[in-house]
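As structure tokens, the structure follows; a few thoughts come after it.
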Amino acid sequence: MKKFIVLIYGLIAYLVFLISFLYAIAFVGDFLVPKTINSETESTGLSAIIINLSLLSIFAIQHSVMARPAFKAWWIKIIGKAAERSTYILLTSLALLLIFWKWQPINTVVWEVGNSTLAMLIFGISALGWLIVLLSTFMISHFELFGLTQIFDNFKSRTSKSATFQTNFLYKIVRHPIMLGFIIAFWFTPVMTLGHLLFASVTSLYILIAVKYLEEKDLRKTLGKAYEDYQQKVPMILPFSKIAK
Ligand SMILES: C[S@@+](CC[C@H](N)C(=O)[O-])C[C@H]1O[C@@H](n2cnc3c(N)ncnc32)[C@H](O)[C@@H]1O
């Protein structure tokens, strides 16, 4: 019975992730959904900036703290190994939905591309960014990354194998294609408002810091020389850049 509950819980977490991921595309792209990054302004000036920075900080803290091995080791004792990743995904998705819900648009235009062909091209590049994000998750192990492997293995009383270290496909070009995809998706917009610029700048800065000082530190600890060699050969986030580290 407990295994069945964990299975349902993990499936719900994955569903919430799918909703938040699809909503993120429409939110950042400013189309289709009722509330986007450039919706009607509710508050202005400093209060909007403070609210938005607070929302992004909640996400950053949740996303970074819960991903650390020490936190995971402690948290697994409480929640159980099978449900750990699903819980992480669920809380990450809820933190994202909170951003979308409470985001304070600041609609001063920073740039606007008038030429419709160029605007479509920029929009297309942003869509490519989202596609890179999604495809890269499958290159690592989509179902393990989102906790599905763990809940199904638990249901079938099998031991889950952790995802293997990937150095092929897009991981041959950069070490963090998922993050590169996000950066492309956030920056390529035909209409850049101050609110969108704040969102793109803060998230990009967070990505760079989290990847360099948290994720890679953990990966070096776990994988040792194999990861150090990978760092020497493949650039972190900027494709074809000479300095890998
Ligand atoms: C959200 S994913 C992001 C992966 C990577 N930073 C990226 O942008 O493509 C985070 C998880 O991927 C794992 N990871 C990072 N690089 C990996 C690789 N080359 N192969 C397999 N797993 C990786 C990390 O250990 C972490 O559990």
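The values are calculated or read from the model by the stated rules, or taken from the named source; none is laboratory data. These numbers were taken from a predicted model, which means no experiment stands behind them. Reconstructed Cβ throughout: ideal geometry from the backbone, glycine too, with neighbour counts over all protein chains shown. Surface areas here come from the heavy atoms of the whole protein model, side chains and all, with no ligands, DNA or RNA. Shrake-Rupley method; radii C 1.70, N 1.55, O 1.52, S 1.80 Å.
Worth pointing out:
- Virtual spin-label span in nm between THR167 and PHE21, 7 Å along Cα→Cβ: 2.7
- ILE58-LEU238 FRET efficiency (beta carbon distance; Förster radius 30 Å; 0.05 resolution): 0.60
- ³J(HN,Hα) computed for each position of the stretch 4-10 - Karplus, 6.51 cos²θ - 1.76 cosθ + 1.60, integer Hz, glycine/proline x: 5, 5, 4, 4, 5, 4, x
- Over the chain, relative contact order from alpha-carbon pairs under 8 Å, at least 6 apart, %: 25
- With at most 12 other Cβ atoms within 10 Å, longest stretch of the chain clear of loop GluC sites (Glu not before Pro) (DSSP): 43-245
- Highest-fluctuation residue, LYS156, LYS172, LYS212 considered, GNM on the chain with Cα pairs under 10 Å: LYS156
- Note: relative contact order over the stretch 103-173, using C-alpha pairs below 8 Å and six or more positions apart, is 24 percent.
- Computing FRET efficiency as 1/(1 + (r/R0)^6) for ILE125 and LEU205, where r is the C-beta to C-beta distance and R0 is 22 Å, gives about 0.60.
- The length gained by stretching the chain between SER160 and LEU11 to full extension, at 0.36 nm per residue less their Cα-Cα distance, is 52.0 nm.
- Residues of the stretch 1-158: accessible area per residue with a 1.4 Å probe, Å²: 55
- Extension gain, LYS35 to TRP101, is 23.0 nm, computed as 0.36 nm per intervening residue step minus the present C-alpha separation.
- With a threshold of 26 Å on the Cα-Cα distance, the over-threshold entries among LYS212/LYS233; LYS35/LYS172; LYS3/LYS77; LYS77/LYS156; LYS77/LYS221; LYS3/LYS172 are LYS35/LYS172; LYS3/LYS172.
- Kirkwood Rh in Å, taken over the stretch 172-233 so that all alpha-carbon pairs contribute: 13.1
- Added length on full extension, which subtracts the Cα-Cα distance from 0.36 nm per residue, ALA70 to GLN231: 55.6 nm
- Among the protein heavy atoms of the chain, carbon and sulfur supply 72% of the accessible surface, probe 1.4 Å, non-protein parts ignored.
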